[in-house]
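Only one structure is covered here, and it is reproduced in the block below.
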Amino acid sequence: MKNLKRVGRIEVRADDPGLTAHGGLVVIGDLAEKLDLVALIEHELSLERRARPVKTRRRGVSPGELVVSVAECQLVGGAFFDHLEDQRADTAGAALRAVAEVPSPSAALQNAKRFRRVHCQRVERAIATAGERLDTALGRDQSEPVTIDLDATQITVYGRHKQGAARCRTGEMSYAPHLAFWAQRGRALTAELVGGNQERLAGRECAKLASRAIGLLPAGHGPVTFRVDSAYYAIDLLERFRRERARFTVSMPRSPAMWTALERIAENAWQDALDMEGAQVAETTYRPGGWKHEPLRLIVRRVPFTAERIARLKGSRRLATIHPEQLQMALDGTVDSVYGYSFILTDIYHPHTAWVEHHHRHRAQIEERLKDTKTGQALRHLPSGDINANRVWLTSAMLALNLTAWCCDLSPAAAASGHAQPNTPLRRHAHTLRRLLFNVPARIIRTGRRIILRLPAGYPHADTFQRTLDAIYTLAPP
């Protein structure tokens, strides 16, 4: 190797008809075929009567193929509709993809604008059905308890005309997607796209989102528990949980009512929290205004802050957990340490307060999934000026996220990513899966009735690639 030298000017040719940059899309193509994903989406869209069909002509890709094609583009790093052109140019990889005939960016954008909110909700139902098929094939117990996390994120957009976008609290023009995630499966269930000024949805809108999420669970599912951020706290939402027979844990905004409730807790009532050094928990009861049912459990977690640590955290959101008067005393040097408090309202009947707080704390995994969709996949952009096209982009991003989760469900080799919390599925990040599986160059060789995918010599993850494909091949046909 040391004796190899360059031999003059290098000539570049882009003329290898059997070479693809995205050989790993065969994993997505075969998985989509086994789950009959495109047909499921087409069937659901055909049932919609509240809006005109997305497309009636048979020429070109169908609406279902459009959604899946955009999701495949996102999986390999596409961040805009224009990046469909890269997929379109990859003729060698057409036989490997779920959708061989990739639409042009202009055609994809034009058709995406014809989608309406109800069409995207139909696609969500098809995705849920595909996930249910996979769970059945894997022999999972459909009656297991279900935990659903609700959260929102901000996506800054640019340009003068972004339909439906609005300025968020920090002044940027943005959208605010609200998503519901099935925690045990690591899957997105449903989403709602609104302007950035609606990061706090109205109670009725939150309730609709929660009901849609429950409606997308498989028949015979187990008891449902929602974990909700303080931005969603509303009596309408709590009432909907009760009507749907779902339990809940809700982070409460720090208000005078919360500080008053804190005063009712005796000092000897505090106990150590689980898996959080220095933190303690205790509980009391609280009946929100307008709540016509029994008083609810109010669980409080306190975490010590030294004056030195407070000085280092100047400007941090963590300081908002400290009572303003105590915070000022720490800043003035009157006291050496104070507590920061978090309040959780719940109707879960579990004898151990620390367990309930621990359960609610792990809603943070949805923030990891949202971060992954933004930094590792395509949700960091909503690229169109048309809100309906952006809804399609969001729905395709949910599908891309679920496709990666399904791959991890099928192949432990693809899912193994270190240590996870109990009852939390192992999930590799999108960047890692793209490097391990999807963006792998390969030469396609056809011989007889076989197709051989030749990966680069010495590729270190060839075994993971093969084991993931083998797991897909063991699935029964649709």
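Of the residues L327, L331, only one is hydrophobic (A, V, I, L, M, F, W, C), part of a helix (DSSP H, G or I) and touching a residue at least 24 places away in the same chain (Cβ under 8 Å); which?
Criteria check complete, one pass: L331.
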Neighbours by Cβ (under 8 Å, 6+ apart or cross-chain): first from the stretch 272-296, closer than 17 Å to L345 by Cβ; second of a type in the set (S, T, N, Q) and loosely packed, with under 15 Cβ neighbours inside 10 Å
V281/Q271; A282/Q271; P295/T285; L296/T285
Can you tell me how many residues in the stretch 136-181 are under 27 Å from P383 (Cβ atoms) and under 19 Å from the mean Cα position of the chain (by Cα)?
16
Scan the stretch 441-478 residue by residue and report those that are among the hydrophobic types (A, V, I, L, M, F, W, C) and outside any loop (DSSP other than H, G, I, E, B).
A442, I444, I445, I451, I452, L453, A462, F465, L469, A471, I472
Give T334, T395, T375 a once-over and let me know the one that is within 26 Å of R427 (Cβ to Cβ), surrounded by fewer than 18 Cβ atoms within 10 Å (Cβ to Cβ) and of a type in the set (S, T, N, Q).
T375
Which condition from (1) surrounded by 15 or more Cβ atoms within 10 Å (Cβ to Cβ); (2) in contact with a Phe, Trp or Tyr (Cβ under 9 Å, 6 or more places away or on another chain); (3) in a helix (DSSP H, G or I) is the one that F343 breaks?
(3)
May I ask you to say which residue of L296, L319 is surrounded by 14 or more Cβ atoms within 10 Å (Cβ to Cβ) and closer than 19 Å to A261 by Cβ?
L296
Within the stretch 199-230, can you find the residues that are hydrophobic (A, V, I, L, M, F, W, C), part of a loop (DSSP other than H, G, I, E, B) and touching a residue at least 40 places away in the same chain (Cβ under 8 Å)?
L201, L216, L217, A219
Take the stretch 231-261 and flag every residue that is hydroxyl-bearing (S, T, Y), out of contact with any Asp or Glu (no Cβ under 6 Å at 6 or more places or on another chain) and in contact (Cβ under 8 Å) with a residue 12 or more places away in the chain.
Y232, Y233, T249
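Within the stretch 74-84, can you find the residues that are part of a helix (DSSP H, G or I) and either in contact (Cβ under 8 Å) with a residue 60 or more places away in the chain or surrounded by fewer than 18 Cβ atoms within 10 Å (Cβ to Cβ) (or both)? It would help to see each step written out before you state the result.
From the stretch 74-84, those part of a helix (DSSP H, G or I) are 74-75, 81-84; that's our starting set.
Those that are part of a helix (DSSP H, G or I) and either in contact (Cβ under 8 Å) with a residue 60 or more places away in the chain or surrounded by fewer than 18 Cβ atoms within 10 Å (Cβ to Cβ) (or both): Q74, L75, F81, D82.
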For the stretch 131-153: of the residues being modelled with pLDDT of 90 or more, touching a strand residue (DSSP E or B) at 6+ places or on another chain (Cβ under 9 Å) and surrounded by 15 or more Cβ atoms within 10 Å (Cβ to Cβ), which is farthest from A219 (Cα to Cα)?
L150
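The values are calculated or read from the model by the stated rules, or taken from the named source; none is laboratory data. Nothing here was measured: the structure is a model prediction, and the numbers come from that model. Neighbour counts run over all protein chains shown; Cβ positions are idealised from the backbone, glycine included.
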